[in-house]
Amino acid sequence: METIPSRTKVTKTLFFIMLVALFTSIGGEIKMIPFENMPFRFGLGTVIFFFALLIRPLPIVWTGIITSIFVIMERSIIDMLLYDASFTAQLLEHLPAGVFYLTYALCFKLIHLDELKKQPLLLGLCGTAFEVLSNTAEHITTDFLLANEQEAFSSFLLFIVVGLLRSYFVVGVYSMITLSEQKKQLQQLIAIHSELYVEALYIQKSMNQVEQLTANSYQLYKKLMPLDSTLSKEALTIAQEIHEVKKDHERIYAGLAKITDTEYKTHFYLSDILSFIVEANENYAKHLKKTISFTLICPDDFITKEHIALLAILNNLMANAVEAISKQGFITLSVSIQEDITTFIIEDNGVGIEPALLPIIFDVGYTSKFNEQGLASTGIGLSHTKTIIENLQGTIAVASETTTCFVINIPTVNLRKEL
């Protein structure tokens, strides 16, 4: 049974190698031939082969060998069919192309490719050098087998120019794809982090309440003890059980605090955080099948040390704005940065908030959200948002007329990271 996963892995790897070889040989047919009456060519095959090595870990030598065989056979069969030449002669003519791919693969075998992926400039230079070596090997093999001679210096310069273009093209495309994926992963990570931050804050508040409840239960036990031993024992049992809940809360909080206190190596600009929030809520609006126009206004910028807190605050308010819009509308997130105060304004043209409810929307338990069964949500979102803002020594206010406007003022010094 243990060999089944291993066989499956080998089969998948072999299948992918065959695909790389097939597409490389086909890509080689999209070509430029620099020397007349010679099979030597510059094609897209090298681009495909290099890109394949970057996107998936493969046994490089075997990939090179199989690709070499595919290229030789494919080109020989095509020429034999088109020009009615002998198959043996065509094999000999295209053997140098096989030498190119084998040399190219062996060159990559000599380096730590995964490490070089982190250094695109150096990776491009290595790709160029390997192309030059491989093209030179193919050129020498061609001269030897077909008794043709070409001017070496001009050929070498051509190898360098083509190698630079092809290698940096591949590295550029790969880097763009990688950066895009890293951005998505980073957005997901900090979104999760902000949610954990809110949960940690809630547990911290709950711990304080449980602590007080434990003390009250114990005091009740002491008061009941001379009056009713049975009731006093029940009160003591309740106090002990609450104490166990408190310890569980402390363990959970310690784990969350360890995660949320972790600092990212990358510094976050305020504009980056705001862009993440807008993009996340654009996706949320699409998920809810709503047509919402988002506008971000942030004329100034600074590096923030409170990216998790800002994500928790603004994500919650923006998500509420998305939910308040029935089908289509607009949401504007604008920021004004002063030396002493940074102001965030979230404005939407959703259903609005009734004037009578404005004084209580930040109270714990207030909610306007109900699920399909008619059950209310927890009603802690806005109260948590207000708590986080107050922890940053800030304030939040709301007005709702033709549009709904949340205005947050936080001391800039509590947000800006000093370098």
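The values are calculated or read from the model by the stated rules, or taken from the named source; none is laboratory data. As the structure is a prediction and not an experimental result, all values here were calculated from the model. Every residue, glycine as well, gets a Cβ built from its backbone with ideal geometry; the counts of neighbours run over all protein chains shown. Quick note on the areas: whole protein, heavy atoms, side chains included, nothing else; ligands and nucleic acids left out. Shrake-Rupley method; radii C 1.70, N 1.55, O 1.52, S 1.80 Å.
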Q | Accessible heavy-atom area order of K305, K9, highest first, probe of 1.4 Å | A | K9, K305
Q: Mind ranking 214-227, 13-26 by how tightly packed they are, going by the mean number of other C-beta atoms within 10 angstrom, highest first?
A: 13-26, 214-227
Q: Whenever you get a sec, line up D84, D114, D363 from highest to lowest accessible area (probe 1.4 Å, protein heavy atoms).
A: D84, D114, D363
Q.
Could you sort R56, R251, R166, R416 by their accessible area in this structure, using a 1.4 Å probe and putting the largest first?
A. R251, R56, R416, R166
Q) Summing Lys, Arg as +1 and Asp, Glu as -1, what charge do residues with Cβ under 12 Å from the Cβ of N409 carry, N409 excluded? A) -2
Q.
How big is segment 205-248 along each principal axis, measuring the range of its Cα positions in Å and listing the largest first?
A. 34, 14, 8
(Q) What distance in nm separates the two pseudo spin-label positions at Q182 and F330, each 7 Å out from Cα along the beta-carbon direction? (A) 3.6
**Q.** Peptides ranked, highest mean first, by Cβ atoms within 10 Å: ranges 339-346, 76-83
**A.** 339-346, 76-83
Q) Using a 1.4 angstrom probe and counting only protein chains, how large is the accessible area of H287 in Å², to 10? A) 140
Q. What list of ³J(HN,Hα) couplings, whole Hz, do you get for segment 231-242 from phi and the Karplus terms 6.51, -1.76, 1.60, once you set θ to phi - 60° and write x for glycine and proline?
A. 5, 5, 5, 5, 5, 5, 4, 4, 4, 5, 5, 5
Q: Holding the Cα-Cα limit at 30 Å, pick out from K117/K289; K247/K286; K184/K289; K118/K289 the pairs that are longer than that.
A: K117/K289; K247/K286; K118/K289
